[in-house]
Every structure is written in structure tokens, then in C-alpha cells.
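J.: Before I ask anything, let me first share the structure, which is written out below as C-alpha cells.
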Amino acid sequence: MHAKRTLFIALGLLAFQALVLYLLGQPFICTCGTVKLWISNVLSSDMSQHLFDWYTFSHIIHGFIFYGILRLLFPRLSPWTRLLIAMGLEIGWEIAENTPYVISAYREQALAQGYVGDSIINSVMDTFSMIAGFLLARKLPVSVTVFLAILFEVFVGVMIRDNLTLNVLGFIHQFDFIHRWQSGG
């Protein structure tokens, strides 16, 4: 696929993401009126409202996963076509994540009790983080990509008692021992 065409489609996907989130009622930036580069307090109302936060690592891992799966399933597609498919998957998740149903499901988890969804700028940056992960996975050896994914999961798990794995588990089933650990007990 031609680079200009890929860029045009990618920008269209990002515009679609922003439009749908706007229609879902998500604010463009944090309702606090500022845009911060990094938010570290996972219990803050600023979480998922600014450019980057602890969950950025999960979105990078999404890129690793999407690259690997799409390369296995569609080896003849160009990397750029696979990237656009990965963007569609990530944007689909970002939209679903900001629906009332998923926001409510997140609030059942220990660390997301005050979760109100993502600001549009945070959600779009999550998509850019997935793109970064996808491009890293394309360039790095598989062993390094797997190592980074494990490193990110362990690091974030230690730092905030949450990560992509625990997030997925929390949607499948609420385990009391995980809930207690995440709550500091």
C-alpha cells in the first residue's frame, strides 16, 4: 500500500475515533482544563485524562500482540495494511472502553472505582502507543518483543498493582484475592 494512502487512511481512522468519543460525551481534554504529559497516581481523577499514564504500557503491548497475530494470520499483507487493521482493532477497543457498559465494568475493579472513561486526547494517544508497539515489534526480534512485554507487565504490576493481564482477568472474573491485593490488603 502506498505510504500517502496509508497515512490518509490512518488519519481518517483517528478522526473517526475522536468523533465517536465526542458523540459518546467524552471530553477532548481533562475537565480540569490542563494537558499533562504523564499522570502517575492511578487513583487520581486525572488517570486516563492526559497524554500518558501507567496504562500506556498496556497499549504498547497491544501493538506487540496485534503485530504478531496479524503477521501470522496475514503474512502476505503489507506491514502497512496490517498496521491499519491493528489501528481498527485498537480504535474499536478505545470506543468500546468508553461506553457506559464498559465504564461500569471497570468501576467494579479495585483501581478503577472512579473511572469516567478516557478523554479524547488520552484515547488517541493510546492508539499512538499501540502504533509504537506495532512498529517496535516489526523491527525487534520476537524474543526481545516478548521480553519487553513481560518486563512491562511486571514493572507496571509492581508499580500500581495492575496491568494488562490483571485488567483482562478482571473482566473475565473478579478474583477476591486480586481485588484485596490491588486495594492494598
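Only the coordinates and a few stated rules stand behind these numbers; no lab work does. Owing to the predicted nature of the structure, the values given are computational and were not obtained by experimental measurement. Methodologically, a virtual Cβ is constructed for each residue, glycine included, from the backbone with ideal geometry; neighbour enumeration extends over all protein chains shown.
J.: Against the longest alpha carbon principal axis of the chain, how many degrees, from 0 to 90 and to the nearest 10, is the axis of helix 79-97 turned?
T.: 20
J.: Please give the contour-minus-distance gain from T6 to W38: 0.36 nm per residue of separation, less the Cα-Cα distance, rounded to one decimal in nm. Walk me through the intermediate numbers first.
T.: Details: separation 32, 0.36 × 32 = 11.52 nm, distance 2.93 nm.
Length gained, T6 through W38: 8.6 nm.
J.: Want the number for N167 to W181: 0.36 nm per residue separation, take away the alpha-carbon distance, what's left? Intermediate results must be reported in sequence, preceding the final value.
T.: On the way: separation 14, 0.36 × 14 = 5.04 nm, distance 1.36 nm.
Gain on extension, N167 to W181, equals 3.7 nm.
J.: For a quick protection proxy, order the peptides 170-177, 13-20 by their average other-Cβ count within 10 Å, most packed first. The partial results should precede the final answer.
T.: Working: 170-177: 11.0, 13-20: 15.9.
Descending packing order for the listed peptides: 13-20, 170-177.
J.: Over the range 1-102, what relative contact order in percent results from Cα pairs under 8 Å that are six or more residues apart?
T.: Values: 63 pairs, mean separation 35.4, N = 102.
The value is 35 percent.
J.: Still on this model: With angles folded into 0 to 90 degrees, how steeply does helix 142-160 sit against the dominant principal axis of the chain? Use alpha carbons for both and round to 10.
T.: 20
J.: Right, here's the next one. Mean residue ellipticity at 222 nm from the helices of the chain, using -39,500 (n - 2.57) per DSSP H segment of n ≥ 4 over the full residue count, to the nearest 500 deg cm²/dmol? Walk me through the numbers on the way to the answer.
T.: Working: 8 runs with 121 residues, N = 185.
Using -39500 (n - 2.57) per qualifying helix, the result is -21500 deg cm²/dmol.
J.: Go ahead and run the numbers for FRET between L77 and V146, Cβ-Cβ distance against an R0 of 22 Å, rounding to 0.05. Intermediate results must be reported in sequence, preceding the final value.
T.: Values: r = 22 Å, r/R0 = 1.02.
Efficiency, rounded to the nearest 0.05: 0.45.
J.: Based on alpha-carbon positions alone, could you give the equivalent ellipsoid semi-axes of the chain from the gyration tensor, as √(5λ), descending, whole Å? Write down the numbers at each step before the final one.
T.: Values: eigenvalues 146, 90, 40 Å².
In descending order, the three semi-axes are 27, 21, 14 Å.
J.: So how tilted is helix 120-139 from the main axis of the chain? Cα-based, degrees 0 to 90, rounded to 10.
T.: 50
J.: For a quick check: with amide H placed at 1.01 Å from N, whose amide H comes under 5 Å from D53's, ignoring anything fewer than 5 positions away on the same chain?
T.: The list, which skips near neighbours in sequence, is I39.
J.: Counting alpha carbon pairs within less than 8 Å and at least 6 residues apart, what relative contact order, in whole percent, applies to the range 3-182? Please list the in-between numbers first.
T.: Values: 204 pairs, mean separation 54.9, N = 180.
Rounded, it is 30 percent for the range 3-182.
J.: Given Cβ point charges of +1 (Lys, Arg) and -1 (Asp, Glu) and nothing else, what value in debye, to the nearest 20, does the dipole of the chain about its Cα centre take? Write out the running numbers ahead of the final one.
T.: Numbers: 11 positive and 11 negative charges, 153 e Å.
So the magnitude is around 740 debye.
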